[in-house]
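Working notes for the structure below.
The values are calculated or read from the model by the stated rules, or taken from the named source; none is laboratory data. Being a predicted model, the structure only gives us computed values, none of them experimental. Counting neighbours? That spans all protein chains shown, and the Cβs are built from the backbone with ideal geometry, glycine included.
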Amino acid sequence: MDAMTGAQAGSDQGSKATGPRILVVDDNDDNRYTLTLYLDLEGYANVETAHDGEPTHRTFAVHPDTGVKIEGAILPRFQEALALAARSVLAFPHIAFSGLDIAMSPAGPVVIATNVETAQDG
């Protein structure tokens, strides 16, 4: 399922979207569609999607607007995000495996979701 929001459809018509450029990467089609739809409803007009990290790596080795190198960049507060991930996983010792969605907020990393179905997907 490749979801295309109104914002994406508008960008295909040659108009340059304003606002932040947002890339939604998720291997779950429903998650990708839901988040893209939410962002569209919130007024974000420059949203793109990818199924996994490989296309994003090729597409965004450099910033598409400024040309600034992204590949190899150090993520700010990454060690905090790792510590948060470890605490989050330890909070649920009965779950053998989980995937975490972590975002960076102005206050630091926050857990968006814990995906326990990942263990069943293989």
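Would the range 113-122 turn up any residue that is of a type in the set (D, E, K, R) and at pLDDT 85 or above?
Within the range 113-122, not a single residue is of a type in the set (D, E, K, R) and at pLDDT 85 or above.
Counting only residues that are within 12 Å of Ile102 (Cα to Cα) and of a type in the set (Asp, Glu), how many does the range 67-89 have?
Adding up the residues that qualify gives 1.
Scan the range 93-109 for residues that are over 17 Å from Val25 (Cα atoms) and either touching a strand residue (DSSP E or B) at 6+ places or on another chain (Cβ under 7 Å) or modelled with pLDDT of 90 or more (or both) and jot them down.
Ser98, Ala107, Gly108, Pro109
Of the conditions (1) over 22 Å from Asn31 (Cβ atoms); (2) surrounded by 10 or more Cβ atoms within 10 Å (Cβ to Cβ), Val89 clears all except one; give me its number.
Answer for Val89: the failing condition is (1).
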